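The structure appears right after this line, and notes come after that.
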Amino acid sequence: SIAMVAEGSGLRRPYAPAPEASVATDTVTDAVVRAAERSHAKAIVALTESGTTARMVARFRSDAPVVCFTPHETVARQLTLSYGCVTRVTGAFKSLDAVISDAREQVKQAGLAKKGDTIVIAAGMPFGKSGGTNLLLVQKV
């Protein structure tokens, strides 16, 4: 992404809580990056309405790319400036099963993961509501 090139290396910065995020969002996004590192995930998938979930994940400068699914073109464009983010404009998120299936297909099509690789998904339930990242899933492609 543009931010990775501009910032040079992928060195992680020390953890600092983000002032604009809820405690749940802050905690879940921290756990998402840790889970991705421990499981050697090929990608982190962030489902985001406003872009906050993806930006909160990106602040940790993970080695895994952050694939951002959003139904909003404006949010997708904004996220291209966040560290490690690859954006995908999608339809509205409908069900968890559909999201997992879409995430697997998108990371394969983008060449970020292949069958048998691990991905980590961050999202907020219920779908369609901003400001509620509360879900972490570790999935095989």
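FYI, it's all coordinate maths here, none of it is from the lab. None of the values given here were measured: they were computed from a predicted structure. Neighbour counts run over all protein chains shown; Cβ positions are idealised from the backbone, glycine included.
By the rule of a C-alpha distance below 16 Å, with chain neighbours fewer than 8 residues away ignored, the lysines paired with Lys129 are Lys94.
Extending 7 Å from the Cα toward the beta-carbon at both Lys129 and Asp63 defines two label points whose distance is 3.7 nm. Relative contact order, whole percent, for the stretch 68-136 stands at 21, derived from Cα pairs under 8 Å and 6 or more residues apart. Taking a sphere under 14 Å around the Cβ of Val107 and counting the other residues whose Cβ falls inside, with K and R at +1 and D and E at -1, yields a net charge of +4. Local charge for Val141 was computed over the other residues whose Cβ lies under 10 Å away, with Lys and Arg +1 and Asp and Glu -1, and equals +4.
With a cut-off of 11 Å between beta carbons, the residues surrounding Ile121 carry a summed charge of 0, where Lys and Arg count +1 and Asp and Glu -1.
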